[in-house]
Each structure stands twice: as C-alpha cells, then as structure tokens.
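Remarks on the structure that follows.
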C-alpha cells in the first residue's frame with residue numbers, strides 16, 4: 001500500500017488511520033494527509049520554517065546552550081533598563097534614577113498623548129519594570145550556576161527614542177516586548193535542557209502577556225500580528241495570526257542594536 005493509494009482510496013485511508021490510531025499516532029497521521037483533514041473538517045497544521053539559525057553574533061558562551069542563555073540575558077538587560085528609563089521619564093524623574101524596590105509611589109507626570117488607556121499604561125510600566133529585572137537576575141544566576149560567565153551590561157548604557165509623552169514611552173516598550181517574544185520563540189530549541197527550556201517558556205509567556213497588555217493600553221489589537229521579517233512556525237488554514245511569530249538571533253540582535261548607546 002503506497003502513500004498515493006492511501007491518500008486517494010477511502011478504504012485504504014481508513015485502514016491506515018485505524019492502524020496509526022492504535023499506535024497512538026492518529027493525529028500525526030491525519031497531518032500527513034491534508035485532503036483527508038480538510039474533508040473531516042479538522043484544521044490543518046503544517047510545521048514550516050522551523051528556525052535553524054543558531055548563530056548568535058557577538059554573544060559569548062562555552063556551548064550553544066550557554067550562548068542561548070547569554071543571548072536572552074543580553075535582551076533582558078536591555079529591556080529592564082529601558083523599562084526603568086521609561087518609568088522614570090513617565091514619573092518625571094531623572095532617567096538614571098535606579099529602580100527602587102517599591103514604585104507604588106510613582107505617579108504619571110507627563111502628557112498621555114495618543115494612549116487609549118493612560119492610567120493603565122502607566123500602571124503597566126510600574127508592574128512590568130520589576131518583572132523584567134527579575135528575568136534579568138534569573139538568567140544571570142542560571143548562567144553562573146552552569147559555570148559560565150554572564151554577559152555584562154553595555155558599557156555605554158542604553159538609549160531609547162522616547163518622546164515627551166506616555167504614548168512614546170509605551171511605543172518603545174512595545175517594540176522591545178514584541179521583539180522579545182519573537183526572540184524566545186526563535187531560540188528556544190537551542191537551550192537543550194528541560195528545566196531551562198521550561199523556565200524560558202515561562203519568561204516567553206510572560207513577555208507575550210506584557211506585549212498584549214501594552215497593545216491594549218495603546219488601543220491596538222492584543223496580537224499576535226505579523227511584522228516585517230517575521231516567520232511562522234505553524235501555518236493554519238484559517239489565516240494568519242493564530243500562532244506567534246519568531247525571528248532568528250541575527251535578526252533580533254540587529255533590531256536591538258539601535259538601543260545600545
């Protein structure tokens with residue numbers, strides 16, 4: 001029984017699927033036959049463009065796993081610092097003010113600009129800035145525990161194209177969050193450690209929640225939404241934006257470079 005005969009002959013197809021189901025592979029078997037899946041009303045999920053680029057330009061590490069973690073740490077250091085700066089700007093404080101343990105006393109001190117929900121937008125800055133610092137600190141400790149050297153913050157610091165209102169701050173933060181989500185999805189397979197991959201997935205999901213919340217505060221769709229250079233890991237017959245998009249490490253690093261002073 002060849003594959004063409006299985007697909008086109010209903011009797012042979014039913015026999016094949018029955019055997020595969022008995023082996024616990026029924027869903028996988030259906031995925032091999034798009035025509036059969038369409039006929040049954042099942043959605044067709046096709047894995048495409050699985051990221052293979054494991055090149056991390058300028059990122060150190062004794063092995064691919066550690067390079068991947070240092071890559072994530074590089075991004076979290078950047079994100080935590082830009083959050084700190086953005087919160088300081090929105091609260092009317094000097095940009096170089098360290099992030100305190102408690103930011104509940106901060107208040108919005110600049111014009112809102114074109115923000116659908118300004119009070120929420122400022123609250124999200126207050127809530128998410130410490131979270132990004134926690135991600136940074138976790139990755140730093142994880143790399144040390146593996147006997148490797150964590151990357152250090154950029155000696156020249158970080159800069160962001162903030163304007164004079166909350167809308168500009170949230171727009172910058174949104175760019176970083178959206179990039180971070182794509183970075184984790186594009187590099188997760190290179191970690192190669194179950195515990196660390198689970199931790200990375202936890203950070204990834206948190207970043208995705210942040211991105212959706214910031215989008216809502218700005219009056220945008222929660223996402224995912226395709227951007228330039230994005231790739232999909234899964235194509236769904238019902239259209240785009242059903243699954244998150246990813247970027248290669250090289251693409252992410254190129255997008256992050258303008259933030260390095």
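If we sort 118-129, 175-186 on the protection proxy, mean other Cβ atoms within 10 Å, highest first, what's the order?
175-186, 118-129
Between residue 195 and residue 55, full extension at 0.36 nm per residue minus the direct alpha carbon distance yields a gain of 48.1 nm. Maximal additional length on extending the residue 127-residue 63 stretch stands at 19.6 nm, based on 0.36 nm per residue less the C-alpha distance. On the basis of the beta-carbon distance and an R0 of 22 Å, residue 107 and residue 138 show a calculated FRET efficiency of 0.15.
Full extension of the chain between residue 261 and residue 209 gives 15.9 nm of extra length, using 0.36 nm per residue less the Cα-Cα distance. Peptides 71-79, 162-170 ranked from most to least packed, by the mean per-residue count of other Cβ atoms within 10 Å: 71-79, 162-170.
Laboratory data are not the source of any read-out in this text; all were calculated from the coordinates shown. Only a predicted model underlies this, so the values are computations on that prediction, with no experimental measurement involved. Cβ: placed from backbone, ideal geometry, glycine included. Neighbour counts: every protein chain shown.
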